[in-house]
Amino acid sequence: MRELARRISAARRLTIVTGAGVSAASGVPTFRGPQGLWKSFRPEDLATPGAFARDPQLVWEWYDWRRKLIDGCQPNAAHHAIAAWSRRPGFALVTQNVDGLHERAGTQHVVRYHGSIWNLRCATPCEAGSREWEDRTVPLPCVPPRCPHCGGLARPGVVWFGEGIPEEAARAAQAATACDVFLSVGTSSVVYPAAGLLVEAKRHGAFTAEINPESTAAAGIVDVAIAMTAEDALPQLHRFVESE
Ligand code: NAD
Ligand code: ZN
């Protein structure tokens, strides 16, 4: 932890990648965890274009349920520690989370790698193209919701399994791999291409670290693996950096 704090304190460019584990203490269930279940469906079977094509009603009921759940959650100590770092020059946060809790904690320069659960867009798409709109209504008055432009089906503005990363987010994340310290927090590091960012940062000569209470696919690659929860490790790390 001290070594990582020294590296962060000396870094000109700090990049943090977060996954569902960062929001676990806020009460947002992770996908690969014991509470990651909804009506005995697996998220991997619902968060796909195929599932939406087969049964948009079912997929939207699941998203509406998640939106309600997230709406009642607050950012935790991990989000706040990251928000404090985000005011440093050379900082970048790439999050796989769609919950918006980093933004609610006041984090600047957030790259939303997998979109936002609060955004919708036309599923067709119509003349509105891939333009998204924000809708924070909880619960949604009509499920599945409709595109205001063409009246067709709307879909969540998130990246599903098997879909590509939005171009601008992919470019920003790629650029952020050119850093001095790369810290991966609360992600199982199995979902590509997010997991590849760590390898890319290493190739650029970054000092790499991971915070996750469980051992992950990245544990053997990083310079430092801290086996702690994000909400315990990050505030402590923040204090160490402050005292450097
Ligand atoms: P994941 O569910 O695959 O993995 C979560 C990881 O967090 C695990 O490795 C687990 O050991 C770790 N973890 C659990 N509690 C933790 C804690 N308190 N502190 C630190 N780590 C903890 O999540 P993923 O790797 O982010 O990938 C799944 C995809 O699902 C993401 O890309 C994301 O789009 C989506 N998702 C988002 C949310 C959200 O927005 N909060 C929640 C679930 C899934
Ligand atoms: Zn439309």
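A few remarks follow.
- Filtering the stretch 213-222 for residues that are open to solvent by 60 Å² or more (accessible area, probe 1.4 Å), at pLDDT 95 or above and within 16 Å of ligand 1 (Cβ to nearest atom) leaves a non-empty set.
- Condition check for Val22: in a helix (DSSP H, G or I), open to solvent by less than 10 Å² (accessible area, probe 1.4 Å) and in the same structural domain as Pro193 (by TED's automatic domain parsing): yes
- Tally of residues being of a type in the set (Gly, Ala, Ser) and open to solvent by less than 40 Å² (accessible area, probe 1.4 Å) across the stretch 226-241: 2
- Of all residues in the stretch 149-165, those that are open to solvent by 60 Å² or more (accessible area, probe 1.4 Å) have Cβ atoms under 8 Å from Cβ atoms of residues that are more than 16 Å from ligand 2 (Cβ to nearest atom) and acidic (Asp, Glu), 6 or more apart or on another chain, in Phe161/Glu44.
- Candidate set: the stretch 84-126, residues that are within 24 Å of Asp180 (Cβ to Cβ) and assigned to a strand (DSSP E or B); chosen: the one nearest to ligand 2 (Cβ to nearest atom): Arg112
- Qualifying residues in the stretch 191-210 (those that are touching a residue at least 60 places away in the same chain (Cβ under 8 Å) and farther than 12 Å from Tyr113 by Cβ) - the one surrounded by the fewest Cβ atoms within 10 Å (Cβ to Cβ): Phe207
- Scanning the stretch 139-189 for residues that are of a type in the set (A, V, I, L, M, F, W, C), within 15 Å of ligand 1 (Cβ to nearest atom) and in a loop (DSSP other than H, G, I, E, B) turns up Val159, Trp160, Phe161, Ile165.
- Residue within the stretch 30-42 that is open to solvent by less than 50 Å² (accessible area, probe 1.4 Å) and either of a type in the set (S, T, N, Q) or in contact with a strand residue (DSSP E or B) (Cβ under 9 Å, 6 or more places away or on another chain) (or both) present: yes
- In the condition set (1) touching a strand residue (DSSP E or B) at 6+ places or on another chain (Cβ under 8 Å); (2) more than 27 Å from Arg171 (Cβ to Cβ); (3) at pLDDT 95 or above; (4) of a type in the set (A, V, I, L, M, F, W, C), Phe91 is compliant with all but (2).
Residue-wise test of (1) within 16 Å of ligand 1 (Cβ to nearest atom); (2) at negative phi.
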position: Thr95; (1), (2): yes, yes
position: Gly100; (1), (2): yes, no
position: Val111; (1), (2): yes, yes
position: Gly115; (1), (2): yes, no
position: Trp118; (1), (2): yes, yes
position: Cys122; (1), (2): no, yes
position: Ser130; (1), (2): no, yes
position: Trp133; (1), (2): no, yes
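- Hits in the stretch 27-49 - residues which are touching a residue at least 24 places away in the same chain (Cβ under 8 Å) and under 13 Å from Arg155 (Cα atoms): Ala47, Thr48, Pro49
The values are calculated or read from the model by the stated rules, or taken from the named source; none is laboratory data. Being a predicted model, the structure only gives us computed values, none of them experimental. We place every Cβ from the backbone using ideal geometry, glycine too, and count neighbours over all the protein chains shown. Areas reflect the complete protein model, heavy atoms only, side chains present, ligands, DNA and RNA absent. Shrake-Rupley method; radii C 1.70, N 1.55, O 1.52, S 1.80 Å.
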